[in-house]
Amino acid sequence: MPFSIKDLPWGKDALKGISAKTNEIHHDKLYAGYVTKRNEIEEALKTADRSKSAATYSPYRALKLEETFNADGQILHELYFETLGGDGKPTDGPFVRKVRLDFGSWEAFVEDAIACAKAARGWMITAYDPTDGKIRNFLADAHNHGGVWGSVPLWTIDCYEHAYFIDYGSDRKAYIQAVLNNVNWDAVNARFAVVAK
Ligand SMILES: [Fe+2]
């Protein structure tokens, strides 16, 4: 069963400070491209020549490398879109309460998320880390670099230039604030409620 392209959960012009043009390119071209390529790779893997597999170069290795790139590109973009479309105000719920415990305050969590998003070349990913049961902000320089095994992503900021250059040029800080103004924290609370069970 091929992976399907999910619709945006909000209208393309629904975000404050992130334009319909950016959302259209981001969803219809870039995100859709990851899903399409993932399906192509899945198909190619069915008949790939395993006998010539090598770590220096082999078609099989190329497929396996791009499999994780496109799978993680799909997964992270779906999370990014799913958790936008709100008013940015933290609502009471299991995620917000856990963050206050783990970071000491909501403000400390947001400060760390902003710092992480400014430092990342790809993604800031807020995740539940089962190693010690805490929520952390992880940095990934590419879709498939920087993931922590076993952790469950709950919220993310796409830090690639394609997410903000049309609207903000090189002013990533202004874009990060725009994302914060549009987060649907109810959606993040709901994701964490499933993990907490
Ligand atoms: Fe993106």
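Values in this text are rule-based calculations from the coordinates and carry no lab data. Given the structure is predicted, the values throughout are model-derived calculations rather than measurements. Note that we place each Cβ from the backbone using ideal geometry, even for glycine, and neighbour counts take in every protein chain shown.
Remarks
- Loop-located trypsin sites (Lys or Arg not before Pro) across region 1-51 with a Cβ neighbour count of 15 or fewer within 10 Å are Lys6, Lys16, Arg50, with loop assigned by DSSP.
- Here's the list of aspartates and glutamates a cross-link from Lys134 could span, going by alpha-carbon distance under 15 Å and ignoring same-chain residues fewer than 8 apart: Asp102, Asp112.
- In terms of surrounding Cβ atoms within a 10 Å radius of their Cβ, Thr83, Thr56, Thr131 rank from fewest to most as Thr56, Thr131, Thr83.
- The chain: most fluctuating residue of Leu63, Leu154, Leu84 per GNM, C-alpha cutoff 10 Å: Leu63
- Ranking of Phe95, Phe192 by count of other Cβ atoms within 10 Å, fewest first: Phe192, Phe95
- Residues of region 168-197 with an amide N closer than 12 Å to a point placed 7 Å from the Cα of Val152 along the Cα-to-Cβ direction: 189-197.
- Region 94-196 - percent relative contact order, Cα under 8 Å, separation 6 or more: 26
- Take the Cα of Ile166, go 7 Å toward its beta carbon, and the backbone nitrogen atoms of region 15-41 under 12 Å from that spot belong to 18-31.
- For region 20-71, the Cα-based Rg and Dmax, in that order, read 14.0, 47 Å.
- Compactness check for region 94-196: Cα Rg over 2.2 N^0.38 Å is 1.05.
- Long-range lysine pairs (8 or more apart or interchain), region 20-71, Cα under 15 Å: 6
- Sorting Lys64, Lys197, Lys52 from the fewest to the most surrounding beta carbons within 10 angstrom yields Lys197, Lys52, Lys64.
- With the cut-off at under 12 Å, measuring from each backbone N in region 149-170 to a point 7 Å along the Cα-to-Cβ line of Ser19 picks out 164-169.
- If you plug the beta carbon distance of Lys197 and Thr131 into 1/(1 + (r/R0)^6) with R0 = 22 Å, you get a FRET efficiency near 0.75.
- Extension gain, Leu101 to Leu180: 0.36 nm times the residue separation minus the Cα-Cα distance gives 26.4 nm.
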